[in-house]
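Pasting a structure below so you can have a look.
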Ligand code: ADP
């Protein structure tokens, strides 16, 4: 065993390859031993059957040559026929004849060497009147097959048994066992080698994937594990790891972008505020000039705290710390109220802001969050629509949902960007310097608010043809199917 130790490397015993090989070895070891035992059994049965058939023939022949006259056995054969004489002598080598009481009438030396049966056993065979073939060992351990039976002659029944040594069979079986046992270690070594090789082949993709995965770091997250195209479990695993890397890379990029954006977003106003205050300090002479410098700085501080608040709100919401204060409220009335707040800004930009709502669309919702939702959608609609455009706000009932649509006639969102605009920090690149550039947090917060209210949101848009955001929230108490109230004619 000691020669094996240098072959065992640290960690090898825990390796899957080692354990697979050991499993092969145990499995094939048991299988080979089982097959050997089964083959030996079959071989023994075949050999014994041959001897048994031979004994049967010899028993018949003995009956032919033997006749009993006046209780005496007489062997009838041609003394001059040497061949016949030899046959009879062979038949008489292991032979016994007894009367019905079990008294031995004639027994050969060969039979005595096997052991003469007791009278009781002889009587039992005669009573059963059926031929019996059994294997018996002589006192010195040699196996014999004995054929016992009843012989009818001289108007009486006699007991006749003949036998044959099974030593040759035993020798063949021993030979088989020895050869097989000599072959077994060779087969087992081949199993180990084959198992070791097969396990390496089977596990190579795993090893390669593990090595490749080990090389992935924050700096080269774009690396993907190669697929072998076999479509097996390992390929599926590689596919899963790759899609996990996609997600990781995406959120890594987002986080990196976020840090850049946040620091940029915070640094610019901070630099501006600092500049304003420094200029004020150096150039202001009158209280009015100081006042103006402070008011300007305050406005920028206000913008800054707005950004910080947005970030804080989103991280509170996404970490599940923002608890909704739900109450039944009229979605349409709220939309009208919010639109009114944007009316002046819209007019200032030369834009038309139209509202059309179905009254009575009750939703169970957090008013502050719904106001935030509409503010974001309306602010975006105004921001991305040039003057002269139109923004439409609509609330209506649709089945068991209240549906809000905020549509504009602005620059629209290219299709390839639409699936991403609800992600954090995602902004559609406009290609030009944009002073009103947001953080890309508004829609992700809107998305969170909609989901937190059990609703859904989608967007339809074509570049240059405006965008239409549709929010569906479950109605607080869906009314039984009836015609919409706006279609009813009021009766005084
Ligand atoms: P931001 O603070 O940048 O507006 P949002 O999350 O609100 O962030 O929006 C993400 C991006 O989706 C915006 O940068 C803009 O490119 C695009 N977007 C949102 N609303 C509209 C709209 N009504 N029309 C055109 N593009 C829009």
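The values are calculated or read from the model by the stated rules, or taken from the named source; none is laboratory data. Keep in mind that what you see is a predicted model, and the values were worked out from it rather than measured. Here the Cβ is made from the backbone with ideal geometry for all residues, glycine too, and neighbour counts use every protein chain on show.
Could you please let me know if residue 415 is modelled with pLDDT of 90 or more, over 30 Å from residue 320 (Cβ atoms) and not assigned by TED's automatic domain parsing to the domain that holds residue 256?
Working: modelled with pLDDT of 90 or more: yes; over 30 Å from residue 320 (Cβ atoms): yes; not assigned by TED's automatic domain parsing to the domain that holds residue 256: yes.
When the stated conditions are applied, residue 415 passes them.
Given 419, 414, which one is within 25 Å of residue 257 (Cα to Cα), part of a helix (DSSP H, G or I) and more than 8 Å from the ligand (Cβ to nearest atom)? Steps first, please.
Values: 414 fails: part of a helix (DSSP H, G or I).
Result: 419 is the single residue among 419, 414 that is within 25 Å of residue 257 (Cα to Cα), part of a helix (DSSP H, G or I) and more than 8 Å from the ligand (Cβ to nearest atom).
Still on this structure, I have one more. When the residues of region 377-404 are narrowed to those that are in a loop (DSSP other than H, G, I, E, B) and more than 8 Å from the ligand (Cβ to nearest atom), which ends up nearest to residue 345 (Cα to Cα)? Outline the logic, then answer.
The first filter runs over region 377-404 and keeps only residues in a loop (DSSP other than H, G, I, E, B), leaving 384-389, 399-400.
With more than 8 Å from the ligand (Cβ to nearest atom) added as a condition, the list becomes 386-389, 399-400.
Values: 386: 13, 387: 11, 388: 13, 389: 13, 399: 34, 400: 34 Å.
Here the answer is 387.
Pairs please, first residue from region 138-152 and free of Cβ contacts under 8 Å to residues at least 12 places away in the same chain, second anywhere and part of a strand (DSSP E or B), Cβ atoms under 8 Å, 6+ apart in sequence or on different chains.
These pairs meet every condition: 152/158.
Among the residues of region 276-291, are any in contact (Cβ under 8 Å) with a residue 12 or more places away in the chain and under 30 Å from residue 225 (Cβ atoms)?
no
Would you check which residues across region 332-369 are under 28 Å from residue 430 (Cα atoms) and within 16 Å of the ligand (Cβ to nearest atom) and list them? Write out each step before concluding.
Initial filter on region 332-369 (under 28 Å from residue 430 (Cα atoms)): 338-339, 341-354.
Once the filter is applied, which keeps residues that are under 28 Å from residue 430 (Cα atoms) and within 16 Å of the ligand (Cβ to nearest atom), region 332-369 yields 338, 339, 342, 345, 346, 349, 351, 352, 353, 354.
Conditions: (1) away from the ligand (no atom under 12 Å from the Cβ); (2) under 16 Å from residue 463 (Cβ atoms); (3) part of a strand (DSSP E or B). Residue 407 meets all but one. Number of the miss?
(1)
Starting from region 65-86, take each residue that is in contact (Cβ under 8 Å) with a residue 40 or more places away in the chain and list its partners that are exposed (fewer than 13 other Cβ atoms within 10 Å of the Cβ) and part of a strand (DSSP E or B), counting only C-beta distances under 9 angstrom and pairs at least six apart or across chains.
From region 65-86, the pairs are 66/74; 67/74; 68/74; 68/156; 71/156.
For region 214-221, does any single residue satisfy the condition of being within 30 Å of residue 22 (Cα to Cα) and at pLDDT 85 or above?
The answer is yes; a qualifying residue exists.
Residues 77, 159, 111: which one is in a helix (DSSP H, G or I) and more than 60 Å from the chain's Cα centre (by Cα)? Quick ask: steps written out before the conclusion?
Details: 77 fails: in a helix (DSSP H, G or I); 159 fails: in a helix (DSSP H, G or I).
Only one candidate passes the filter, namely 111.
Modelled with pLDDT of 90 or more, surrounded by fewer than 16 Cβ atoms within 10 Å (Cβ to Cβ) and either within 9 Å of the ligand (Cβ to nearest atom) or in a loop (DSSP other than H, G, I, E, B) (or both): is that true of residue 431 in this structure? It would help to see each step written out before you state the result.
Values: modelled with pLDDT of 90 or more: no; surrounded by fewer than 16 Cβ atoms within 10 Å (Cβ to Cβ): yes; either within 9 Å of the ligand (Cβ to nearest atom) or in a loop (DSSP other than H, G, I, E, B) (or both): yes.
Here the answer is no, as residue 431 does not meet what is asked.
Sticking with this structure for a sec: State whether the residues of region 451-463 include one that is more than 8 Å from the ligand (Cβ to nearest atom), in a helix (DSSP H, G or I), surrounded by fewer than 20 Cβ atoms within 10 Å (Cβ to Cβ) and within 42 Å of the chain's Cα centre (by Cα).
Yes, region 451-463 contains at least one residue that is more than 8 Å from the ligand (Cβ to nearest atom), in a helix (DSSP H, G or I), surrounded by fewer than 20 Cβ atoms within 10 Å (Cβ to Cβ) and within 42 Å of the chain's Cα centre (by Cα).
Filter region 368-400 down to the residues that are touching a strand residue (DSSP E or B) at 6+ places or on another chain (Cβ under 6 Å) and at pLDDT below 95, then identify the one that is surrounded by the fewest Cβ atoms within 10 Å (Cβ to Cβ). Explain how you work it out, then say what you get.
At the first step, the residues of region 368-400 found to be touching a strand residue (DSSP E or B) at 6+ places or on another chain (Cβ under 6 Å) are 377, 381, 385, 390-396, 400.
Next, only the ones that are at pLDDT below 95 stay: 385, 400.
Details: 385: 22, 400: 11.
If we take residues in region 368-400 being touching a strand residue (DSSP E or B) at 6+ places or on another chain (Cβ under 6 Å) and at pLDDT below 95, then 400 is surrounded by the fewest Cβ atoms within 10 Å (Cβ to Cβ).
Can I ask one more? If we scan region 73-89, do we find a residue that is at pLDDT 90 or above, under 30 Å from residue 170 (Cα atoms) and surrounded by 15 or more Cβ atoms within 10 Å (Cβ to Cβ)?
Taking every residue of region 73-89 in turn, at least one turns out to be at pLDDT 90 or above, under 30 Å from residue 170 (Cα atoms) and surrounded by 15 or more Cβ atoms within 10 Å (Cβ to Cβ).
A follow-up question, please. Just a yes or no: is a residue in region 114-133 part of a strand (DSSP E or B) and under 30 Å from residue 36 (Cβ atoms)?
Pass one, region 114-133, residues part of a strand (DSSP E or B): 132-133.
Within this subset, residues satisfying the condition of being under 30 Å from residue 36 (Cβ atoms) are 133.
Scanning region 114-133, I find at least one residue that is part of a strand (DSSP E or B) and under 30 Å from residue 36 (Cβ atoms), so the answer is yes.
Taking the criterion of being modelled with pLDDT of 85 or more and under 30 Å from residue 206 (Cβ atoms), would at least one residue in region 255-270 satisfy it?
Within region 255-270 (the criterion being modelled with pLDDT of 85 or more and under 30 Å from residue 206 (Cβ atoms)), the answer is no, since none of the residues qualifies.
Please specify each residue of region 363-376 satisfying the condition of being part of a helix (DSSP H, G or I) and touching a helix residue (DSSP H, G or I) at 6+ places or on another chain (Cβ under 9 Å). Step through it out loud before you land on a result.
Going through region 363-376, the residues part of a helix (DSSP H, G or I) turn out to be 367-376.
Residues satisfying the conditions are 367, 369, 370, 371, 372, 373, 374, 375, 376.
Okay, moving on. I need the full set of residues from region 134-150 which are surrounded by fewer than 20 Cβ atoms within 10 Å (Cβ to Cβ) and closer than 19 Å to residue 52 by Cβ, in order please.
Initial filter on region 134-150 (surrounded by fewer than 20 Cβ atoms within 10 Å (Cβ to Cβ)): 134-143, 150.
Within region 134-150, 134, 135, 136, 137, 138, 142, 143, 150 qualify.
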